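Take a look at the structure below.
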Amino acid sequence: MAGNIKLQICETADEVSVEAAKVFADIIRSIPDAVIGLATGSTPEQTYEELAKIHKSEGLSFSGVTTFNLDEYWGLNGDHDQSYRHFMNTQLFDKIDIRPWNTNVLNGAASSPSLECEAFETRILASGGIDIWLLGIGGNGHIAFNEPGSPVDSRTRLVSLSEDTIEANSDGRFFSDPAEVPRCALSAGIGTIREARKLVLLATGLKKADAIAAAVEGPFSPDCPSSLLQDHPDCTFILDQDAASKL
Ligand code: PGA
């Protein structure tokens with residue numbers, strides 16, 4: 001059952017990034033003080049490159065925009081080169097005119113994880129809620145670090161990474177050795193993500209094909225956390241041919 005998930009299938013991964021950047025640029029043009037949710041990982045890197053290009057060539061301004069990131073490794077300081085704060089600064093924030101104080105990335109070195117997570121949720125509410133949240137998907141169907149089994153109403157919290165995720169993030173792309181990958185993270189919950197007014201999930205490559213098929217056509221179940229987006233009123237998956245190959 002496909003639920004409400006809309007599918008946009010592109011020829012190539014490059015096209016996925018261009019299409020995703022267009023969606024975000026359009027929102028920022030129509031809502032200059034938009035509240036935007038962001039993701040890290042390999043998949044959105046080129047989308048951020050495209051957005052930085054649009055900023056430079058067309059003057060798209062992020063000066064009124066507020067951002068919230070999905071997650072952060074627990075135990076990593078924001079200046080660690082594998083922290084998601086560092087990722088966001090280098091991949092996007094340093095290249096656009098966003099106000100640094102309007103960028104919200106959970107602090108992986110906070111003294112109290114529960115207070116940090118509560119403050120994050122409070123800031124989302126105070127900002128008026130998220131207009132659009134960019135998502136990736138894990139090979140195991142996770143969204144953010146909500147691993148299989150995560151409840152549909154989960155909120156931002158400290159979570160454990162699954163073995164699949166530790167393995168996927170240490171295949172030379174990020175950490176070179178599985179022992180270096182933090183075992184825990186702070187992650188927006190599925191309930192937190194589902195409250196965004198619009199969701200856009202990107203997936204490219206054959207490695208994501210099974211997860212995409214389960215998310216779109218499988219049962220609505222915490223066994224595949226991304227399937228819990230099926231009843232969202234405005235959720236689009238932008239996929240390349242490989243990621244869509246098992247649909
Ligand atoms: P990736 O990660 O973009 O690096 O494949 C996505 C995810 O695990 O959510």
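Rank-order 77-86, 146-155 by packing density, defined as the average count of other C-beta atoms within 10 Å over each peptide's residues, highest first.
Listed from highest to lowest mean packing, they are 146-155, 77-86.
For region 177-244, what is the convex hull volume of its Cα atoms per residue in Å³?
About 114 Å³ per residue, rounded to a whole number.
Determine, for each peptide in 112-121, 17-26, the mean count of other beta carbons within 10 angstrom over its residues, then list the peptides with the highest first.
Going from most to least packed, we get 17-26, 112-121.
Taking the mean number of other Cβ atoms within 10 Å as a proxy for protection, how do you rank 132-141, 47-56 from highest to lowest?
132-141, 47-56
Could you give the nm distance between label points at residue 53 and residue 245, where each point is 7 Å from its Cα heading toward the beta carbon?
My value for the distance between the label points is 2.5 nm.
Can you flag which of 53/198; 22/56; 6/246; 6/56; 56/207; 22/198 are past 26 Å Cα-Cα?
6/56; 56/207
Only Lys, Arg, Asp and Glu count, each charged at its Cβ (+1, +1, -1, -1), so figure out the dipole size of the chain about its Cα centre, rounded to 20 debye.
Roughly 560 debye, rounded to the nearest 20.
Given contacts defined as C-alpha pairs under 8 Å and at least six residues apart, what's the relative contact order of the chain, whole-number percent?
Across the chain, relative contact order equals 27 percent.
Which one, 15, 58, 167, has the greatest fluctuation when you compute a Gaussian network model over the chain with C-alpha springs under 10 angstrom?
58
Report P(r) for the chain: all Cα-Cα distances, bin width 5 Å, range 0 to the bin holding the largest distance, values in whole percent.
1, 7, 14, 20, 21, 19, 13, 5, 1, 0
Measure out, as a whole number of angstrom, how far apart the alpha-carbon centroids of region 1-62 and region 102-146 sit.
The distance from the Cα centre of region 1-62 to that of region 102-146 comes to 19 Å.
Quick note: the coordinates plus some simple rules give every number you see, no bench work behind them. Just so we're clear, the structure is a prediction, and the values are computed from it rather than from any experiment. Virtual Cβ from ideal backbone geometry, glycine too; neighbours counted across all protein chains shown.
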